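Just below is one structure, and these are the notes that go with it.
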Amino acid sequence: MEHLLDNPIYHALTSAHAHFAKGVEGVKYYQKDIAAFAGLKDNSAENLQTLYKISEADSLFVVFSKAPLTIPALWTIHMQIDMFQLVYEGVNMPESTNGGLTDLDQSHVTEMSALVELTKPGPFLAKTIELGNYIGIFAENQLIAMAGHRFFPTPYREVSAVCTHPDHLGKGYALKILQEQIKRILNRAEIPFLHVKNDNLGAIKLYQKLGFKIRTEMTAYVIRKEQGGEPENVSK
């Protein structure tokens with residue numbers, strides 16, 4: 001039987017994030033300004049063709065899969081990212097204090113976008129912050145570290161956009177933010193999980209120190225819709 005986290009995007013879009021979802025039965029994707037992710041009930045050529053039919057022109061999506069995918073020619077593959085998926089298995093509540101941490105809101109989006117552009121932890125769009133619980137650290141009025149939540153396939157809550165300004169690495173900021181994120185998720189009786197590139201050894205070591213365990217390998221396919229394929233029927 002498939003585990004929820006084998007297909008985290010689809011299960012998020014059909015549970016806690018259904019209010020952010022567009023699409024049809026078996027083929028879902030986030031609203032354009034929230035996130036560039038699509039979740040398919042099964043990653044078949046048929047469902048990828050349906051995603052093409054119902055999505056807007058020039059759409060770009062990220063699709064996750066445990067198994068290698070054959071992407072129909074309607075799509076152009078822009079990138080393929082090999083990752084690990086980790087789930088929190090820590091025994092004790094992290095010893096954290098929110099001192100020095102700031103809850104981020106819409107007024108911080110410009111700074112958040114700049115930090116993401118600099119550090120490349122993953123997509124961050126105009127309304128990604130609506131996925132919730134972004135917290136950050138400031139130094140001299142500059143945002144230098146942050147993390148928030150992304151996929152929510154109940155009861156699993158993903159920690160995402162973990163990043164630190166290059167000038168402030170090695171100061172324990174990521175550790176502090178992650179401890180607080182884990183604590184907030186556990187306090188809701190939810191289970192933290194996350195994704196990380198499989199060659200990001202420093203981050204993997206930090207996550208394992210905190211109590212995360214590698215659950216499985218996962219691949220992210222970044223695909224863009226090419227024009228001239230099958231007729232569109234955009235789902236509202």
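Quick look at the numbers
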| quantity | calculated |
| --- | --- |
| Residues within the range 132-153 that are over 15 Å from Val196 (Cα atoms) and in contact with a helix residue (DSSP H, G or I) (Cβ under 8 Å, 6 or more places away or on another chain), tallied | 13 |
| Among (1) open to solvent by 30 Å² or more (accessible area, probe 1.4 Å); (2) assigned to a helix (DSSP H, G or I); (3) modelled with pLDDT of 95 or more - the single one Thr154 does not satisfy | (2) |
| Cβ pairs under 8 Å, 6+ apart, first in the range 39-64 and farther than 15 Å from Ala21 by Cα and in contact (Cβ under 8 Å) with a residue 60 or more places away in the chain, second open to solvent by less than 50 Å² (accessible area, probe 1.4 Å) and part of a helix (DSSP H, G or I) | Phe64/Pro8; Phe64/Ile9 |
| Hits in the range 50-108 - residues which are aromatic (Phe, Trp, Tyr) and under 21 Å from the mean Cα position of the chain (by Cα) | Phe61, Phe64, Phe84, Tyr88 |
| Candidates Leu175, Leu186, Leu143 - the one that is of a type outside the set (Ser, Thr, Tyr), touching a Gly at 6+ places or on another chain (Cβ under 9 Å) and open to solvent by 20 Å² or more (accessible area, probe 1.4 Å) | Leu186 |
| Per-region count, the range 192-228, residues surrounded by fewer than 16 Cβ atoms within 10 Å (Cβ to Cβ) and among the hydrophobic types (A, V, I, L, M, F, W, C) | 2 |
| Residues located in the range 44-98, provided they are open to solvent by less than 60 Å² (accessible area, probe 1.4 Å) and in contact with a Ser or Thr (Cβ under 6 Å, 6 or more places away or on another chain) | Ile54, Ser65, Gln85 |
| Strands (runs of 3 or more DSSP E) fully within the range 25-130 counting 3 or more residues that are hydrophobic (A, V, I, L, M, F, W, C) and in contact with a strand residue (DSSP E or B) (Cβ under 8 Å, 6 or more places away or on another chain) | 60-65, 75-88 |
| All positions within the range 98-133 that are among the hydroxyl-bearing types (Ser, Thr, Tyr) and either more than 14 Å from Tyr173 (Cα to Cα) or without any contact (Cβ under 8 Å) to a residue 24 or more places away in the chain (or both) | Ser107, Thr110, Ser113, Thr119, Thr128 |
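The values are calculated or read from the model by the stated rules, or taken from the named source; none is laboratory data. Note that the structure is a prediction, hence the values are computed from the model and not measured. Heads up, the Cβs are rebuilt from the backbone with ideal geometry, glycines too, and the neighbour counts pull from every protein chain shown. Side chains included, ligands, DNA and RNA excluded: accessible areas come from the protein's heavy atoms. Shrake-Rupley method; radii C 1.70, N 1.55, O 1.52, S 1.80 Å.
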